[in-house]
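What follows draws every value from the coordinates through simple rules; no lab data is involved. Just so it is clear, the structure is predicted and the values come from calculations on it, not from any experiment. Here the Cβ is made from the backbone with ideal geometry for all residues, glycine too, and neighbour counts use every protein chain on show.
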Amino acid sequence: MEIVKASLDRFSAGYAVIYSNDGRKFDVPKNIVPQDCKAGSRLKLYLDNGAVVKLELDSRSTDDAKRQISKKYARLSRGEHQNI
């Protein structure tokens, strides 16, 4: 079994569109996505022969990503475009 880090991109027509850190796209039935996940959530995908058999929210990575985005936004709002 392979464990892959990924991001939830969006929900579309009963599916969650998820992209792994290595660029692979997965369309996963929405009913297997934890209810506390939303667009931008970081996930751990458990793959068996390339198919998602389980996924879970990676709260720590999600919080880290939110902090990084907030810092970048703060720098942009101060006009520090070169440092991004």
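The alpha carbon gyration tensor of the chain gives principal lengths a ≥ b ≥ c with a/c of 1.5 or higher and a/b greater than b/c, which makes the shape prolate. About its Cα centre, the dipole of the chain is roughly 400 debye, where the only charges are +1 on Lys and Arg Cβ and -1 on Asp and Glu Cβ. Amide H to amide H distances under 5 Å link SER41 with LEU8, where only residues 5 or more positions off or on other chains count and H is placed in the peptide plane. Coupling constants for the stretch 9-17 follow from the phi torsions by the Karplus curve (6.51 cos²θ - 1.76 cosθ + 1.60, θ = phi - 60°), and in residue order they are 7, 6, 9, 8, 6, x, 10, 9, 9 Hz; glycine and proline get x. Put simply, the amide H of ALA16, placed in the peptide plane, has neighbours under 5 Å in VAL28, LYS30, leaving out anything fewer than 5 places away on its chain.
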